[in-house]
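To start, the structure itself, in C-alpha cells.
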Amino acid sequence: LSPGLYFFSAKIKLHLADLFSGTASNCAANNQKCIQAVYYRRDVNDQTHYRVPSTVTPIQTNDEEWFEFAAYYTFTEEDLVSGNAHRLYFEGPEANVDIHIDDVKIMRAPAELTSPPSTCDDLIVNGDAELAPAPFTQPFSTNA
C-alpha cells in the first residue's frame, strides 16, 4: 500500500442465529447497532489506533438480505510505517446476530478523486476591507 484514498466494499448479510430471541435485529428494527467497519493499527511502539472509515452507503438493512457495504479510508504515512500491524473488521450487531461477508474488495481511489482542485482559487480577495468605515473595520482598526 501507499498513502492515499482507498475504497473498500463487501456484500454483507445480517443473519439471526438460532439463539436470537427477537424477531429482528436492532439494525433492521430501528437503525441502531448497524454494521460498521473498523480499521485497527498497532504501531511499532505497541500503541493501538482505531478509526472508523467513512461509509458511502446507508447501513440500515433488513435481516437475511445481502446488501452492498461501501466505505472509504485515507491511509497516511503514519499508518503505513514498516512493522505496523493492520486489521480491518466489521462490528455492530447485538449478540446472536451473525455477520456474513462475501466479495470483499479494497482498491485505491482513481487519481482524479485524490487530487482536489486548489482551494486558493476560491478565496475571497480582501479588497481593502481595512479601509471601510467603522464599525466594519474589525479586526483592522486604526487609531486616527
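The values are calculated or read from the model by the stated rules, or taken from the named source; none is laboratory data. These numbers come from a predicted model, not from an experiment. Backbone-built Cβ (ideal geometry, glycine too); neighbour counts: all protein chains shown.
Summary table
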quantity	calculated
Residue match in the stretch 9-22 (condition: polar (S, T, N, Q) and crowded, with 17+ Cβ neighbours inside 10 Å)	yes
Sole exception among (1) in a strand (DSSP E or B); (2) farther than 19 Å from Ile106 by Cβ; (3) not basic (Lys, Arg) for Tyr40, by number	(2)
For Ala95: the one exception among (1) surrounded by 14 or more Cβ atoms within 10 Å (Cβ to Cβ); (2) farther than 18 Å from Ser9 by Cβ	(1)
Matching residues in the stretch 40-72 - criterion: being at pLDDT below 90, surrounded by 15 or more Cβ atoms within 10 Å (Cβ to Cβ) and within 19 Å of Ser2 (Cα to Cα)	Pro53, Ala71, Tyr72
